[in-house]
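S.K.: Got a structure for you, written out below as structure tokens; questions coming shortly.
The values are calculated or read from the model by the stated rules, or taken from the named source; none is laboratory data. The structure displayed is predicted, hence computed values, not measured ones. Virtual Cβ from ideal backbone geometry, glycine too; neighbours counted across all protein chains shown.
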């Protein structure tokens, strides 16, 4: 998550070599679904083809959010609001997983009241806004530090990315609601009340408007004195500790591994408090005057580890094929080694 020094009004897309122009774009298009889906384990080796539509939605969604924030002069909190809007679009409007009876859940499944899967919705809002948007965007900007303060898309690129996102949204809707639910999970077809869809669309618009209206990080940070940021290793440990339980809690929303004797309202309250604590810590750290690339990388590193660790909990509780276990272990080990090499490069840049 960036500090104010990199939250400047937008500049023109970078000039120079072709890789400098398209490298950041390609990186973010891939990082968003790979981190949130592949390394986590939602997309598994046995169903790797699902990653393609995820690139269209998550990749383009994260890219468009990054471009909007850059043009508006916003920081990570603006991206967070837009990430929440993206999660609502995915889970409420497109795939409708927050309002339709989920696989493995009945009409009155755990946390389902008034036609809404509240436990799943809360988990998805937190998970997707962080691991689809914030973590991949920050990592892409660390990979291409010279382009961090630039816009990566011109008008034509914005039109193309928006069109591809719309295509991915249709594929996500059709693939889940019309095919997977009926053909694979043998669930009855579900048609949400039109009012629910309108509520989802209205929520997206409100979140986008709030992201646009949110004061720039410079104005917010200049008005409050903040303490120094902790050492990078502390940032990594704390972010991993805060993120792992949230990533692992995805099974609760699907009705797997929950505690029937615990009212779901208690789970929601704990989740909201956990999210609020995480937001407070991150806001305090990232507004510190000494928040730099070492801390940014540590935050990304801890976040990706949390995602991978949480995925192992999901595999253990929910079950997975042997090939998927092997694939996850190999991919997570490779990602760990790759992140270590990026951390060393960040450290060398600091010392240069």
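S.K.: Within segment 279-296, how many residues turn out to be closer than 15 Å to residue 233 by Cβ and either modelled with pLDDT of 95 or more or part of a helix (DSSP H, G or I) (or both)?
M.R.: Total meeting the criteria: 5.
S.K.: Let me spell it out: the conditions are (1) at pLDDT below 85; (2) part of a helix (DSSP H, G or I); (3) under 26 Å from residue 69 (Cβ atoms), and residue 178 meets all of them except one. Which number is the exception?
M.R.: For residue 178, the failing item is (3).
S.K.: Also, I was wondering about something else. Does residue 310 satisfy being in contact (Cβ under 8 Å) with a residue 40 or more places away in the chain, surrounded by 22 or more Cβ atoms within 10 Å (Cβ to Cβ) and under 22 Å from residue 234 (Cα atoms)?
M.R.: yes
S.K.: OK, next. Can you pull out the helices (runs of 4 or more DSSP H) entirely within segment 8-104 that have at least 2 residues that are farther than 26 Å from residue 244 by Cα and either at pLDDT 95 or above or out of contact with any helix residue (DSSP H, G or I) (no Cβ under 9 Å at 6 or more places or on another chain) (or both)?
M.R.: Helices (runs of 4 or more DSSP H) meeting the threshold: 18-33, 60-72.
S.K.: Now for a different question. For residue 140, are the conditions met, namely being exposed (fewer than 13 other Cβ atoms within 10 Å of the Cβ) and either closer than 30 Å to residue 339 by Cβ or out of contact with any helix residue (DSSP H, G or I) (no Cβ under 9 Å at 6 or more places or on another chain) (or both)?
M.R.: No; evaluated as a whole, the condition is false for this residue.
S.K.: Going through 134, 122, 167 one at a time, which residue ends up being assigned to a helix (DSSP H, G or I), touching a helix residue (DSSP H, G or I) at 6+ places or on another chain (Cβ under 9 Å), at pLDDT 90 or above and over 22 Å from residue 80 (Cβ atoms)? First the steps, then the outcome.
M.R.: On the way: 134 fails: over 22 Å from residue 80 (Cβ atoms); 122 fails: over 22 Å from residue 80 (Cβ atoms).
Only one candidate passes the filter, namely 167.
S.K.: Let me ask something else about it. Of these, 234, 340, which one is exposed (fewer than 13 other Cβ atoms within 10 Å of the Cβ) and either touching a residue at least 60 places away in the same chain (Cβ under 8 Å) or part of a helix (DSSP H, G or I) (or both)? Don't jump to the end; show me each part of the working.
M.R.: Working: 234 fails: exposed (fewer than 13 other Cβ atoms within 10 Å of the Cβ).
Unique residue meeting the criteria: 340.
S.K.: Going through segment 183-200 one residue at a time, which ones are surrounded by 14 or more Cβ atoms within 10 Å (Cβ to Cβ) and assigned to a helix (DSSP H, G or I)?
M.R.: 196, 197, 199, 200
S.K.: I'm checking my understanding of the structure. Among residues of segment 265-278 that are closer than 27 Å to residue 75 by Cα and in contact (Cβ under 8 Å) with a residue 12 or more places away in the chain, which one is surrounded by the most Cβ atoms within 10 Å (Cβ to Cβ)?
M.R.: Here the answer is 271.
S.K.: While we're on this one: Check residue 318 against each of (1) under 22 Å from residue 31 (Cβ atoms); (2) at pLDDT below 90; (3) touching a helix residue (DSSP H, G or I) at 6+ places or on another chain (Cβ under 8 Å); (4) surrounded by fewer than 16 Cβ atoms within 10 Å (Cβ to Cβ) and name the one condition it does not meet.
M.R.: (1)
S.K.: What is the one condition in (1) at positive phi; (2) modelled with pLDDT of 95 or more that residue 339 does not satisfy?
M.R.: Among (1) at positive phi; (2) modelled with pLDDT of 95 or more, the lone unmet condition for residue 339 is (1).
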